[in-house]
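Visitor: Have a look at this one.
The values are calculated or read from the model by the stated rules, or taken from the named source; none is laboratory data. Note that the structure is predicted; figures quoted are calculated from it, not measured. Note that each Cβ is placed from the backbone with ideal geometry, even for glycine, and that neighbours are counted across all protein chains shown. Ligands, DNA and RNA are excluded from the accessible area calculation, which covers all protein heavy atoms including side chains. Shrake-Rupley method; radii C 1.70, N 1.55, O 1.52, S 1.80 Å.
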Amino acid sequence: MLATLGSAGLIVSALGAVLLVTRGVSATRSDTRRDLRGPARLLLAGSIVAMGAMQIGLATDDFSLAYLANHHSTATPFPFDVATAWAALEGSIVLWGLVLAGFTWFAYRRYERSPDRLGSAALAVLGVVNLFFFGLMLTVANPFEVCVQAGASSCLESSPWPFATADAPVNGPGPNPLLQNNIMMAIHPPMLYLGYVGLTVPFAYAFAALAISMPGPEWLRRSHRSTLVAWSFLTLGIVLGGWWAYEVLSWGGYWAWDPVENASLMPWLVATAFLHSGLVQQRRNMLQAWNFVLVISAFSLTILGTFLTRSGTINSVHSFTQSAIGPALLGFLVLVLVASFTLFATRAHVVSTSPRIDSFLSREGSFLANNLLLTIYAFIVLVGTTYPLILEAFTGTQVGVGEPFFNRLAVPLSFLLLLVMGFGPATPWGNPDPSLVWRRVRTPAVVAVLLGLVTALALTRNGWVVLAVTLGALVVGVIAGLAVEQARRRTRKDSRSFGRGLQEVIAADTAFWAGQVSHIGVVLIAVGIAFAANLGTHTEVEMEPGDTVFFAGFELTYESPFQEVTQHKTTRGARLTVLRDGRFVGIIEPSANFFGGNTGVSTPDVISHPRGDLYASLIDLDSESADIAFDTSPLIWLLWLGGGVVAAGGFWSMRARKSERTEASERTTADV
Amino acid sequence: MSERVRNLLSVAVLIVGGLVIAVVVLTAPSDADRVEHLGQIIKCPVCQGESIGDSPADMARDMMGLVEQRVAEGFSDEAIIDELLSSYTGAVLLDPPASGATLLLWLLPGMALLSGAGVIWWWQRNPGEEIAVPTAGQARSGGRMLVGGLILAGSLGLIVVVAGFFLQDRAGPNSGVANLGVENLDEVSNETMEAVIAANINHPQINGMRLALAERYYLAGDYQAAFPHYLSVAESANATDLESVSALVRLGWMAWDGNQATEAALGMFDQALEIAPESTTALYLKGQVLWCGSSDPEAATELFSEILESDELPDDTRRLIEADLAAASQGLACA
């Protein structure tokens, strides 16, 4: 029943995608209006039905669906049962399809307001991408296969034919234990997908602009909001992923340069570069070709990322299975690259209208530096991630490329980016007077160096921490200086208050100030990482009940082992009381969770404190003693907060775009 | 304050402040911990992308134990890395060296930076066509296209040549054996090893295989077969410290255990201790030989106590030595 419903949804969506392509192409060719509402509606409705069928199956424990028989269990509690829909390969593509259909629907709504060739061509491109993903679900990664031979608690054989006679197991094994351990796992993938999938929209507009030979920044304007939505959610997805790793995987870290993490970082880096270079094209008509290259790369990297995570090419906690989906995704990636760059190469007259840059000490100059650094950054991550795979595939040689490699290159690059981020906002467009930039940077730079000096003398002699504080202060100082300078200029003319002046300054160019909010978020992240990575401490102790250890100012007493049995898991752990300066801080309970089976998932416990976290994870536990690892991560909460602030800047900027479209004057606060 | 004074003051603060920060930061005492560093750069063989320092897996913890022991015994980082990579299949360096198969990995980012800068420079010289796109159909740029195409083809060719050159010698720090055409020693028979060794008798990196083979003979009790290989490693100028010490310790023990040759055995142990003064195995076996062969329980007692001073001993080793120490210090004959 559900198999039929779900498959029907997929077929309706695929049909919608086909119609969107054919009608979109025909509307573009003949430059006439065609009904694209029907196809867009079919697409969206089908994908909602598919996800609905999946959720009904989860809610009613319908193990006749092979996907549920293999990944769901009656004991899986809310909200993990809902999240089981995207806890494994086939289901996660259903979510992908739903998000893609949603973005396509919004692109259609945009087209409805101003129907033209750019819009219809972009919808046709979106149709092709939709067709690929719904085609995947109907062929190699069918989420609605019927289980025709049940095992003890899994499905041994399944059939894509929805009317096949089902042989359902009584219960399933439930999702991967790691995915049941924290609520973040229910939220993190949808965020990441909103980010990944959203980048399809600017790609579609870029491809459409090239296809209809339409130069100019119109495609950028059309896709700007989708790009911002995608970028903001991608930011949240990445930071939540780090948080999840920190809270669930018990090694005390949040980022390991794991290929799957890298897969999400690469499109983020390129999309960030694109957000900046898009502005340069809109303002100065420069970097046209470059913007096409960036947006094609960003989209390709999302497909590459999906390939890396979903094909089992890389074994890590995120990679679920090996399947025929690998070759399909790789083929699609090659198709995207070849088609895009061939089109790009044959449309030279569209992309090559670029004036010379007047001065490198200008806004466009700093955006250029930002783009160079961000793309090199993405390139390093790409090379580091794929090099071992390619080398092993072709020569059989195994090499490891891990944290030491990435840190050695990415850390200096990150600091360079911070430096450029400090100067950038202080530089006006065009060919500014260098002394103006100097006057804007002077005071913030002096304050930053003094703050760095205080940090070095009073707090820590660790160079990375001092550098992060200094550059962070420069960034924040320049932003504050700009705000004060412009608010003063407004209040000088009449007798308005300073606060009112500041309000007006922000209202006059909200997008710019929203961007600066994101910059401040980046500073928080940089400082948080610098402190947590360099000033953290670590120890491992074997304790018997009653033992007390002193660690990093904490007094930790092992009270007793404990065991908790609930319906769906058994938790065994060690209970410790934590004191600081003789005062009770809390109880910390590092543990291991057992979901059925014998494989325990080590689950750390964290006591958060404004000065930093105390992190405990269980290494070994028996009746006599417990081996426990303790870590401190100073100021690590700045990292989570910063991620939220960066995304908030993105969302705010999106709203700003809308309200300002009416006053389309070419005004920025940085202009004098 | 005039603008000029302000500027001067600011520049002064920036320069002096920057210098003081640089001095304070750069003269900070390094708290680099060798064990921790080594734990970070070696991949845990049974984990997914984790280092042995981060992983809670049993094998990773064993390997960390070995790292601690070797660091305590005074071995160099290179020797410890070599030993780990050769004893654990699947363990690789997470910090790829800028040589051999991974040199290209280090070169690529630099090449990307250079080409990025090159593109910007080119664009500034040729505004209107910001990137070297093939501008087919535009007659006036035919010449440029040709030059661009040649440069593109040239750089691609260069990359291929460079890559080929370095891939040819894809020797990591531990691929001495792999270079001899053998990937995994566990699957190789003794006869094959003998043949490979005979064919590569002067190969600078043959010692790893010799040791592996000798170890098999030794464990099987075939001292006669093991002896020439250990001897060859011990005398080899190309052997790493770790390899020499392992060979010397085995030679010493075989000399005593097989032939009761006390003096020869003690000589071997002393040679080993010259290379690695804190080698637990060498100290312990020397103590055993002094006790049993030279009937000198006092000298043995001294050596056993010396070993026990180390904090890095695994518990069972410690118990064993403590038992021997107790017996020797009471003047009992060796067991």
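Visitor: Which one of these is touching a residue at least 12 places away in the same chain (Cβ under 8 Å), farther than 25 Å from A:Leu269 by Cβ, open to solvent by less than 60 Å² (accessible area, probe 1.4 Å) and of a type in the set (Gly, Ala, Ser): A:Ala514, A:Ala526, A:Ala508?
Guide: Sole residue among the options that is touching a residue at least 12 places away in the same chain (Cβ under 8 Å), farther than 25 Å from A:Leu269 by Cβ, open to solvent by less than 60 Å² (accessible area, probe 1.4 Å) and of a type in the set (Gly, Ala, Ser): A:Ala508.
Visitor: Would a scan of segment A:178-195 turn up a residue that is assigned to a helix (DSSP H, G or I) and more than 30 Å from A:Lys569 (Cα to Cα)?
Guide: Checking segment A:178-195: at least one residue is assigned to a helix (DSSP H, G or I) and more than 30 Å from A:Lys569 (Cα to Cα).
Visitor: Let me ask another. Being open to solvent by less than 10 Å² (accessible area, probe 1.4 Å), among the hydroxyl-bearing types (Ser, Thr, Tyr) and in the same structural domain as A:Pro169 (by TED's automatic domain parsing), is that true of even one residue in segment A:78-96?
Guide: Checking segment A:78-96: at least one residue is open to solvent by less than 10 Å² (accessible area, probe 1.4 Å), among the hydroxyl-bearing types (Ser, Thr, Tyr) and in the same structural domain as A:Pro169 (by TED's automatic domain parsing).
Visitor: OK, next. From the set of residues in segment A:320-354 that are over 25 Å from B:Leu114 (Cβ atoms) and within 12 Å of chain B (Cβ to nearest Cβ), which is modelled with the lowest pLDDT?
Guide: A:Thr353
Visitor: Could I ask something else about it? Name the pairs whose Cβ atoms lie under 7 Å apart, with the first residue in segment A:267-284 and within 16 Å of A:Leu372 (Cβ to Cβ), the second open to solvent by 40 Å² or more (accessible area, probe 1.4 Å), and 6 or more positions between them or separate chains?
Guide: Note: pairs meeting the criteria are A:Ser277/A:Trp290.
Visitor: Quick one: which residue in B:Val46, B:Val23, B:Val71 is β-branched (Val, Ile, Thr), within 12 Å of another protein chain (Cβ to nearest Cβ) and either in contact (Cβ under 8 Å) with a residue 40 or more places away in the chain or part of a strand (DSSP E or B) (or both)?
Guide: Numbers: B:Val23 fails: either in contact (Cβ under 8 Å) with a residue 40 or more places away in the chain or part of a strand (DSSP E or B) (or both); B:Val71 fails: within 12 Å of another protein chain (Cβ to nearest Cβ).
Sole residue among the options that is β-branched (Val, Ile, Thr), within 12 Å of another protein chain (Cβ to nearest Cβ) and either in contact (Cβ under 8 Å) with a residue 40 or more places away in the chain or part of a strand (DSSP E or B) (or both): B:Val46.
Visitor: Does segment A:470-495 hold any residues that are out of contact with any Leu (no Cβ under 6 Å at 6 or more places or on another chain), surrounded by 15 or more Cβ atoms within 10 Å (Cβ to Cβ) and farther than 15 Å from A:Ala426 by Cβ, and which are they?
Guide: Those that are out of contact with any Leu (no Cβ under 6 Å at 6 or more places or on another chain), surrounded by 15 or more Cβ atoms within 10 Å (Cβ to Cβ) and farther than 15 Å from A:Ala426 by Cβ: A:Thr470, A:Gly472, A:Arg490, A:Thr491.
Visitor: Determine which single condition A:Ala369 fails, assuming it passes every other condition in (1) at the interface with another protein chain (Cβ under 9 Å from one of its Cβ atoms); (2) open to solvent by 20 Å² or more (accessible area, probe 1.4 Å); (3) in contact (Cβ under 8 Å) with a residue 40 or more places away in the chain.
Guide: Only one criterion is unmet by A:Ala369, namely (1).
Visitor: Have a look at A:Val399, A:Val446 and point out the one that is surrounded by 18 or more Cβ atoms within 10 Å (Cβ to Cβ) and assigned to a helix (DSSP H, G or I).
Guide: The unique qualifying residue is A:Val446.
Visitor: Looking at B:Met59, is it more than 23 Å from A:Val399 (Cβ to Cβ), open to solvent by 60 Å² or more (accessible area, probe 1.4 Å) and more than 9 Å from chain A (Cβ to nearest Cβ)?
Guide: No; evaluated as a whole, the condition is false for this residue.
Visitor: So, one more: Within segment B:251-335, which helices (runs of 4 or more DSSP H) (wholly inside it) include 1 or more residues that are outside the structural domain of B:Glu68 (by TED's automatic domain parsing) and closer than 27 Å to B:Arg216 by Cβ?
Guide: Once the helices (runs of 4 or more DSSP H) in segment B:251-335 are filtered for at least 1 residues that are outside the structural domain of B:Glu68 (by TED's automatic domain parsing) and closer than 27 Å to B:Arg216 by Cβ, what remains is B:262-275, B:280-292, B:315-329.
Visitor: Then there is this: Could you check segment B:213-237 and list, in sequence order, the residues that are closer than 20 Å to B:Ser189 by Cα and assigned to a loop (DSSP other than H, G, I, E, B)?
Guide: B:Ala220, B:Gly221, B:Asp222
Visitor: Just checking, does segment A:459-466 include any residue being free of Cβ contacts under 8 Å to residues at least 60 places away in the same chain and surrounded by 18 or more Cβ atoms within 10 Å (Cβ to Cβ)?
Guide: Yes; the residues of segment A:459-466 include at least one that is free of Cβ contacts under 8 Å to residues at least 60 places away in the same chain and surrounded by 18 or more Cβ atoms within 10 Å (Cβ to Cβ).
Visitor: Any idea which of (1) open to solvent by 40 Å² or more (accessible area, probe 1.4 Å); (2) among the small types (Gly, Ala, Ser); (3) more than 30 Å from A:Met286 (Cα to Cα); (4) within 12 Å of another protein chain (Cβ to nearest Cβ) is the one A:Ser435 doesn't satisfy?
Guide: (3)
Visitor: Please go through segment A:621-643 and give me each residue that is within 19 Å of A:Ser560 (Cα to Cα) and either surrounded by 23 or more Cβ atoms within 10 Å (Cβ to Cβ) or touching a residue at least 60 places away in the same chain (Cβ under 8 Å) (or both), ordered by number.
Guide: A:Leu621, A:Ser623, A:Glu624, A:Ser625, A:Ala626, A:Asp627, A:Ile628, A:Ala629, A:Phe630 - these are the residues of segment A:621-643 that are within 19 Å of A:Ser560 (Cα to Cα) and either surrounded by 23 or more Cβ atoms within 10 Å (Cβ to Cβ) or touching a residue at least 60 places away in the same chain (Cβ under 8 Å) (or both).
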